[in-house]
Amino acid sequence: QVIKCKAAVLWEANKPFSIEEVEVAPPKEHEVRVKIMATGICRSDDHVITGAMVMPFPIILGHEAAGVVESVGQGVTSVKPGDKVIPLFVPQCGECKNCLNNKGNLCIKTDLGTSAGLMPDGTTRFTCKGKAIYHFLGTSTFTEYTVLHESAVAKIDSAAPLEKVCLIGCGFSTGYGAALQTAKVEPGSTCAIFGLGGVGLSVVMGCKVAGASRIIAVDINSDKFAKAKELGATDCVNPKDFKKPIHEVLIEMTGGGVDYSFEVIGRTDTMTAALACCQYNYGVSVIVGVPPAAQKITFDPLLLFTGRSWKGSVFGGWKSKDAVPKLVADYMKKKFVLDPLITHTLPLTKINEGFDLLRAGK
């Protein structure tokens, strides 16, 4: 049965979302149709609007969500109608090299980097005004109903509050895992986090849980410092307050650089600053923010020659289908909080206002 429902369609770049009635096709083999109950707004969605992340149009964005299974296609065994689930923009097929390697998590079934905007079979499940609408990262959550491949759905605790745990679908897990999984921050270490949006604050929480003794939060918006301190930051630094480059400030503050640094913005200049501010011989710097399309980084190779490590992290290094239910369980056991990451709650029809708030740093 085709479902007609509301969705926020982006017809072209640099334009507002348009609330439209869309037709959502039934799930095919190994697919799941989900009623979306809550979705977060992430900077990666905005990157598509501005062209920093290249995707085909028209498209339904959104990739950080939680919902309830409405129906399943043939051969689906891991979920059934009525189950609470979180969509996974990094799926876990369990068969590719990355899924089979205990160090890997970036399943080859992900649409990240291919920008195809289609289901694994090469077609779309969305139609609007007679036009096929593209999917985003295999999730497309800015709609009342979406269709996902079974490998891109994690069944979660039926008691979990969906309007909170939707953040485990991207922002929280990405930041928290960058500290715990990718960097493997140790007790007593010093950390610097560039960018204090939802993901950056989640890195702060991860560093705190890992037992870091000093957590330095860096942002050009000082309004973000109070929340960073509430979640575990020991120091807050605004680069605008200094004449010298921020990496020099951090090296001085820490007597030679931090053990771990995290770039959670998606800018090439802050990526090199984050690398430069970590200890020259054993420092580790992690790129968490999505790099802008068609931009290159130029840096002095001596920065790496002396022993620093530079790493990337997608979805916090978690194997999604395995980790998401466990993270939800940890949330239910109060091992971490999500409330401070939620600043506003809006209906889908006000999605453009939500993006204005994101762009305003609010």
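The values are calculated or read from the model by the stated rules, or taken from the named source; none is laboratory data. Everything numeric in this text was worked out from a predicted model, so none of it was measured. Every residue, glycine as well, gets a Cβ built from its backbone with ideal geometry; the counts of neighbours run over all protein chains shown. Accessible surface areas use protein heavy atoms only, side chains included; no ligands, DNA or RNA. Shrake-Rupley method; radii C 1.70, N 1.55, O 1.52, S 1.80 Å.
Of all residues in region 308-317, which are under 16 Å from residue 172 (Cβ atoms) and open to solvent by less than 40 Å² (accessible area, probe 1.4 Å)? Give the steps one after another, and end with the answer.
Here is the first cut: in region 308-317, the ones under 16 Å from residue 172 (Cβ atoms) are 313-317.
Within region 308-317, 313, 315, 316, 317 meet the criteria.
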Among (1) out of contact with any Phe, Trp or Tyr (no Cβ under 9 Å at 6 or more places or on another chain); (2) closer than 24 Å to residue 322 by Cα; (3) open to solvent by 10 Å² or more (accessible area, probe 1.4 Å), the one test that residue 105 misses:
(1)
Here the residues within region 277-295 that are within 26 Å of residue 361 (Cα to Cα) and touching a residue at least 24 places away in the same chain (Cβ under 8 Å) are 277, 285, 286, 287, 288, 289, 290, 291, 292, 293, 295
Residues satisfying the stated conditions in region 241-280, i.e. under 27 Å from the mean Cα position of the chain (by Cα), among the hydroxyl-bearing types (Ser, Thr, Tyr) and surrounded by fewer than 19 Cβ atoms within 10 Å (Cβ to Cβ):
268
Restricted to region 216-240, and to residues that are open to solvent by 20 Å² or more (accessible area, probe 1.4 Å) and part of a strand (DSSP E or B), which residue is nearest to residue 53 (Cα to Cα)?
236
Among strands (runs of 3 or more DSSP E) entirely inside region 19-138, those with 3 or more residues being over 24 Å from the mean Cα position of the chain (by Cα) and under 18 Å from residue 152 (Cα atoms) are 64-72
Could you list, in sequence order, the residues of region 90-107 that are among the hydrophobic types (A, V, I, L, M, F, W, C) and under 23 Å from residue 64 (Cβ atoms)?
90, 93, 99, 106, 107
Restricting the search to region 89-109, which residues are within 26 Å of residue 56 (Cα to Cα) and touching a residue at least 60 places away in the same chain (Cβ under 8 Å)?
89, 90, 91, 92, 105, 106, 107
Subset of region 195-211 (residues that are open to solvent by 10 Å² or more (accessible area, probe 1.4 Å), within 16 Å of residue 317 (Cβ to Cβ) and within 14 Å of the chain's Cα centre (by Cα)):
199
Test result for residue 183, in contact with a Gly (Cβ under 8 Å, 6 or more places away or on another chain), under 16 Å from residue 285 (Cβ atoms) and at pLDDT 95 or above:
no
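Just give me the residues in region 300-335 being of a type in the set (Phe, Trp, Tyr) and more than 16 Å from residue 206 (Cα to Cα), in sequence order. Don't jump to the end; show me each part of the working.
Here is the first cut: in region 300-335, the ones of a type in the set (Phe, Trp, Tyr) are 305, 310, 315, 318, 331.
Matches in region 300-335: 305, 310.
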Of residues in region 4-18 being in a strand (DSSP E or B) and of a type in the set (A, V, I, L, M, F, W, C), the one surrounded by the most Cβ atoms within 10 Å (Cβ to Cβ)
7
Against the definition (assigned by the TED database to the domain that holds residue 270, touching a residue at least 60 places away in the same chain (Cβ under 8 Å) and buried (at least 20 other Cβ atoms within 10 Å of the Cβ)), how does residue 192 come out, yes or no?
yes
Taking only pairs six or more apart or across chains, which ones have beta-carbon atoms under 7 Å, a first residue in region 36-61 that is at negative phi, and a second residue that is in a strand (DSSP E or B) and of a type in the set (S, T, N, Q)?
36/143; 36/146; 60/143
Please work out if residue 320 is buried (at least 23 other Cβ atoms within 10 Å of the Cβ) and among the hydroxyl-bearing types (Ser, Thr, Tyr).
yes
Please go through region 86-143 and pick out each residue that is of a type in the set (Phe, Trp, Tyr) and in contact with a Cys (Cβ under 7 Å, 6 or more places away or on another chain).
89
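Table: residues versus (1) open to solvent by 80 Å² or more (accessible area, probe 1.4 Å); (2) in contact (Cβ under 8 Å) with a residue 40 or more places away in the chain; (3) assigned by the TED database to the domain that holds residue 257.
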site: 297; (1), (2), (3): no, no, yes
site: 300; (1), (2), (3): yes, no, yes
site: 327; (1), (2), (3): no, yes, no
site: 333; (1), (2), (3): yes, no, no
site: 336; (1), (2), (3): no, yes, no
site: 348; (1), (2), (3): no, yes, no
site: 356; (1), (2), (3): yes, no, no
With the requirement that a residue be on the phi < 0 side of the Ramachandran plot and either not assigned by the TED database to the domain that holds residue 241 or not in a helix (DSSP H, G or I) (or both), what does region 195-215 give you?
196, 197, 210, 212, 213, 214, 215
Just one of the numbered conditions (1) within 21 Å of the chain's Cα centre (by Cα); (2) modelled with pLDDT of 95 or more; (3) over 17 Å from residue 315 (Cβ atoms); (4) open to solvent by less than 10 Å² (accessible area, probe 1.4 Å) is not true of residue 144; which one?
(4)
